[in-house]
Structures are given as structure tokens and as C-alpha cells.
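What follows is a short report on a single structure.
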Amino acid sequence: MTISRRGAITGAVAAGAALACTRAFAANRGTLGAAAARAGRFFGCAGQIDQWNAEGDLRDAVLAETDYLVPEVELKWAAIEPNRGQFAFKSLDGFMNFAARNRKKVRGHTLLWHDSVPPWAQAQLRENRDWSAIGEYFAAVIPRYGGLIDQWDVVNEPIETGGRMDGLRENVFLEAFGPEYIDRAFAQARQFAPNAKLMINEYGIEYDLPEERDRRYLLLKLLERLRDSGVPLDGLGIQSHLDLRKGSVAVNAVSAFLKAVDDLDLFVVVTELDVKESAYTAPVDVRDRFVADEVRRYLEAVLEQRAVTGVVTWGLCDRHSWLKVTPEDLARFPGAWTHGGGPGLNRGLPLNAAMERKPVYFAIKDQLSST
Ligand code: G3I
């Protein structure tokens, strides 16, 4: 099955060698996808098609472990429409072809995000309050892959604490159209995706910190307002970028928040799970245990909620994580690595750079398969 330039899906599925390699990786001890399926959930990961095409070991692991794939960068407005009406679909078509060939579903991440608006569109929205720029973009992207994308992050990160009373982020969409930009975006998405699940995706709701307490409250208020307004909103994505520098996850607050989301008859997906480490000078086995223990605590609380239908990690192996060991991290440990070595990669994903399963892999698998 391939996606032609016209965007139509044609031809027979070419599983072939890929399936054989996939089976090899999955042979021992099952997979995250299988564990999730046993409990009626799904597991997926984000990534970039160029990396999967270039690295067979990573590709085999992704195909073996997942049911869902998420384009880390390929389905963002700034990447797709660099100039108005000129669409660069090559990378995204490649990603979607890969998913179709391997019978994976795709989460559509993401349609409107303040961090990925093409400069021409920012100018158009600010100067002319021209919704057609958004409508034409949605018309070009959403129907192109049909049912392959059955969940859309229609609006990503709409909340900004410490600002407006309604907590809405002061982004170009709000400036141009007011708070109802969210309503319009969902109505427009529903027009092109009558059967997909339409979602809001947000970060920073996991800890007992003032900003995160505020974000849970403001996000819930937004969800309530959208539901009361009859907006075609189906679910919430909680990005779940855990951060060991913030202390322990506030499991009771997260549970109460997710129960309140469930009471709005919305489903929930953990959409971008990974872990920013803190103790980089600890032995690797200790670092890996810290990561696994926190993910276990978090998923134990989250997956107790019936509203939560799946877990996606933001990458599958540490090799390409967006989470880097930064100069600020190193500055916290002066002289720690004067005799060479160093902390290596941030170790916040299920597989290490050698594609080996770490304790956090098994923590995720245990929690996914819990009913
Ligand atoms: O591909 C180009 C490369 O050709 C160029 O040399 C290089 C240097 O400029 O940039 C490369 O593109 C980068 C792209 O990632 C692919 O690596 C972009 O600059 C960079 O901005 C982009 O960052 C992504 C970011 O979203 C913005 O799209 C991260 O990989 C991705 O992990 C991150 O993901 C976000 C979610 O969408 C929303 N939630 C937070 C999450 C982490 O920030």
C-alpha cells in the first residue's frame, strides 16, 4: 500500500522482509504493544522517518514494539507548508507510507501549535485575521491520509499559566481570533475528519508545583468550557515529560485530575512519555532504576483510570531523544568527569542506544498489562 503524490492510498501491502525482522525482535519476552493489547490499550512511540529508514536496529524495534506511530516533526505546519499553498509532503508521505506498509496507526501530531506556525502564516493571521490560511492547511493535510490517522492533536499546548484569567496561551491564534480559535479549529478538523478522535494535547500536569497545579485547574476549565459549548472534542493528550529534577510525581493530584477528565466523558492518552534525569553522576544501573521507579509510580496512577486508552513514548531509544544532557546539567557536577567519560545520553526512554531493554522498559510493560 503506498501513498501516491495525489495522496491516494493504492496498491497491495508490502510487508515482506520488514515483518520477518519485526518478528525476530519480538520473539523473546513479548513486546510493549502486546502487553498493552492484553489490557485493551495501545502502545506507540514517536520518531522521525529519516532515522527509521537509516537505522535498521531502531526500525526493527519500533515495528516490533508499537501499534501506533507518531511523527515527531513531519506533521507540523512549519514543516509542511513553508510557503502558502506550497506543500512539502515528501517526509510526511514517507512516514505515512512506512506506517501503512507495516499496518501501524498514526496519531496526527499536531495541527495548531504556537511553536510551529510558518512565518508567512504568522504574518497573515496577525495582519489579516485570515482564518482561510488555517482552513486551507487543514483541507490539504487532514483528508490526505484518510483513516490511517485516527487521532488528531488539533490544538497543542493551549494553556499558559501566570497570564490570562482563562489560562489561554497568548499565541498568534488567540491574538487573531480570540479564545474561540479552539472551537473553530475543532469544528474545522471535524469537517475533514468525521470519524477521527479530536484531542487537545498538553504538558506539565504531573507535579505538585504551583505552575502545574494551575495548569491542571486551567486545563480542566478549558475542557469543561469546550464540552459545554458542544465543541467536537473527544479526548485529552497528557504529554507526560517526567522530570526527576522536580521531585516525585504528584500521583494523587494526577489521579484526581484524570478522574475529572473522565467525568467530562473524555478519553486520555499518555502522548509523549519520557524522563529528564537529574543524578547524572550516579552509576548507570542506579540512574536507570531512578527512571524506572518514577515511570512505574506515574503509570500505576495513570493506568488505574479507565479513561486512559494508551501510552506513547517520545522516541523509543535514548539515541535520538530530544532530552539532552545540557551544559547546565554538567555545571551541577563540577569536576565530576575530569578523568574522561561523562554522563553519556539522557537515559529516559525504554531502550538504550544499543537497543537494549532497560528497567524502564519493563516498568512500562508491567503497568501497560495491568488491568
Ligand atoms: O531536520 C533539521 C536539520 O536539517 C537541521 O540541520 C537542524 C538544525 O537546524 O534542524 C533539524 O530540524 C529540527 C527537527 O527537530 C528535527 O530534528 C528542528 O530544528 C527542531 O526544532 C525540531 O525539534 C522538534 C520540536 O518538537 C519542534 O518541532 C523536536 O525534535 C521534537 O522532539 C519536539 O517535540 C515536541 C512536541 O512536538 C510537543 N511537545 C514537546 C515536544 C518536545 O519539545
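Close lysine pairs were tallied over the chain: pairs 8 or more places apart or on different chains with Cα atoms under 21 Å apart number 19. With a Förster radius of 35 Å applied to the C-beta separation of residue 370 and residue 245, the computed FRET efficiency comes to 0.80.
Taking the Cα centre of the chain as reference, the dipole from Cβ charges on Lys and Arg (+1) and Asp and Glu (-1) amounts to some 980 debye.
Shape class of the range 88-211 from the alpha-carbon gyration tensor: oblate, with a/c at 1.5 or above and b/c at least as large as a/b. DSSP beta bridges confined to the chain are antiparallel in about 15 percent of cases. Just the protein heavy atoms count here, and of the accessible area of the chain at 1.4 Å, carbon and sulfur take up 52 percent. Taking the alpha-carbon centroid of each part, what is the distance from the range 59-136 to the range 248-293 in angstrom? Each part's Cα centre sits 27 Å from the other's. Length gained on full extension, residue 229 to residue 356, computed as 0.36 nm times the residue gap minus the Cα-Cα distance: 41.0 nm.
Full extension from residue 330 to residue 255: what is 0.36 nm times the residue separation minus their Cα-Cα distance, to one decimal in nm?
23.6 nm
Counting only Cβ charges, +1 for Lys and Arg and -1 for Asp and Glu, the dipole size of the range 237-299 around its Cα centre is about 240 debye.
Rounded to 0.05, the FRET efficiency of the residue 285 and residue 84 pair, given R0 = 41 Å and the Cβ-Cβ distance, is 0.20. Normalised per residue, the accessible area of the range 179-295 is 37 Å², obtained with a 1.4 Å probe and no contribution from ligands, DNA or RNA. Per-residue ellipticity at 222 nm from helix content only, as computed over the chain with -39500 (n - 2.57) for each DSSP H run of at least four residues, stands at -12500 deg cm²/dmol.
Pairs of Cα atoms nearer than 8 Å and 6+ residues apart set the relative contact order; for the chain it is 16 percent. Across the options 278, 302, 340, the greatest Cα extent toward the positive end of the charge dipole of the range 257-347 (unit charges at beta carbon of Lys, Arg, Asp, Glu) belongs to 340.
The values are calculated or read from the model by the stated rules, or taken from the named source; none is laboratory data. On a predicted model such as this, the values are computed, not experimentally measured, just so you know. Every residue, glycine among them, receives a Cβ derived from its backbone with ideal geometry; neighbour counts consider all protein chains shown. Surface areas here come from the heavy atoms of the whole protein model, side chains and all, with no ligands, DNA or RNA. Shrake-Rupley method; radii C 1.70, N 1.55, O 1.52, S 1.80 Å.
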